[in-house]
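Here the structure is laid out as structure tokens; the discussion comes afterwards.
The values are calculated or read from the model by the stated rules, or taken from the named source; none is laboratory data. Quick caveat, the model's predicted, so the values are computed rather than measured. Because the Cβ atoms are built from the backbone with ideal geometry, glycine has one as well, and the counts that use them run over all protein chains shown. Areas reflect the complete protein model, heavy atoms only, side chains present, ligands, DNA and RNA absent. Shrake-Rupley method; radii C 1.70, N 1.55, O 1.52, S 1.80 Å.
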Amino acid sequence: MRVTVQDIINRLTEPAGFLESKVDRVTAGSADAVVRGIAVTFAASYSVLQRAVEVGANLVITHEGTFYSHQEEYEGLEASPVFQDKLRLMESGDLTVYRFHDAPHRYVPDIMTQGLVQALDWEDYVDKHLQTAAIVTLPEEMSLPDIAEFVKRKLNLPYLRYVGDRSSRCSRIGITVGYRGGGAHAIPLCLKESLDLLIAGEGPEWETPEYMGDAAAQGRGPSLLLLGHAASEEPGMACVADRLREFFPGIPIHDIPSGPLIRVI
């Protein structure tokens, strides 16, 4: 069966309903290209693109922008040899790149959040899915260090960052992905849902972490665990890959994690 990039896009965006997005679009290649294989990733890094070519994929579905900008604005980058080498790799590999950012966050529930919940094996403990978070109540309280070790093991992470009282015990947990750790979103969520702990991707360090630090200094909760943006959303893109395998069983689908770029020295 002949399947084009546009066929893939139509199937992926259908659960999101009517969607206006400035970033969800084909950013390289052609929507008319016939799909031979698909690589699904959080970020279409140079290494991920190389891997896509190696496995024979000619469509790369990426959650984040290819050229270091959420809005895919490249002014000032074109002269960079890094930009040019990446562009040449996409052209020589006959790759079409589709940015799939807003639509997965419009799924009900948000498939990016759902992916993280599934990766933590906490699906049975979900009280409710909100538009931008999932609320989980564990059957038994766990200490903050124990939860941190559990999360690192489940997500294969070398480290986490935290704010709060290490001796605190937590059962009601909010889970939010990507850049939803900012104060305008995270602090009201903690208050409204009476959270013991918020697990987030990232956000400005002087917003939610400062609030959590003040709370801890006053002998209050909640606490905060920061996974990193990629670590929080790669499980969601793995779910996207699983959906594609159901929708298009005749096409090879490759889930290619970006892997952690920021390391501790």
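One table, with the values for the structure above:
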{"item": "Hits among lysines - C-alpha to C-alpha of K152 under 23 Å, sequence gap 8 or more where chains match", "result": "none"}
{"item": "Amide proton proximity set for A28, modelled H, under 5 Å, gap of 5+", "result": "V97"}
{"item": "Contour minus Cα-Cα distance for V264 and L19 (0.36 nm per residue)", "result": "84.3 nm"}
{"item": "Computed E for E91/N156 - FRET, C-beta separation, R0 41 angstrom, nearest 0.05", "result": "0.80"}
{"item": "Segment 61-66 - phi-based ³J(HN,Hα) in whole Hz, Karplus 6.51/-1.76/1.60, Gly and Pro as x", "result": "9, 10, 7, 9, x, 7"}
{"item": "Within straight-line cross-link reach of K86, aspartates and glutamates at Cα separation under 19 Å, skipping those fewer than 8 residues along the same chain", "result": "E54, E64, E72, E73, E75, E78, D94"}
{"item": "Extension gain from S171 to A31, taking 0.36 nm per residue of separation minus the Cα-Cα distance", "result": "45.8 nm"}
{"item": "Sulfur and carbon atoms: percent of accessible area, segment 168-261 [1.4 Å]", "result": "54"}
{"item": "Cleavage-rule hits (chymotrypsin sites (Phe, Trp or Tyr not before Pro)) in segment 70-154: DSSP loop, at most 15 neighbouring Cβ within 10 angstrom", "result": "none"}
{"item": "Exposed-site-free run, longest, the chain (rule: trypsin sites (Lys or Arg not before Pro); DSSP loop; at most 14 other C-beta within 10 Å)", "result": "37-165"}
{"item": "Heavy-atom surface of the chain, accessible at 1.4 Å and reported per residue (Å²)", "result": "50"}
{"item": "5 angstrom amide H check on S223, placed H, neighbours 5+ away", "result": "L197, L198"}
{"item": "Reachable lysines, given that their alpha-carbon falls under 18 Å from the alpha-carbon of K192 and they are not under 8 places away in the same chain", "result": "K128"}
{"item": "Two-site FRET efficiency, A217 against E72, from Cβ-Cβ distance with R₀ of 45 Å, rounded to 0.05", "result": "0.60"}
{"item": "Within the accessible area of segment 1-136 (1.4 Å probe), percent carbon and sulfur", "result": "47"}
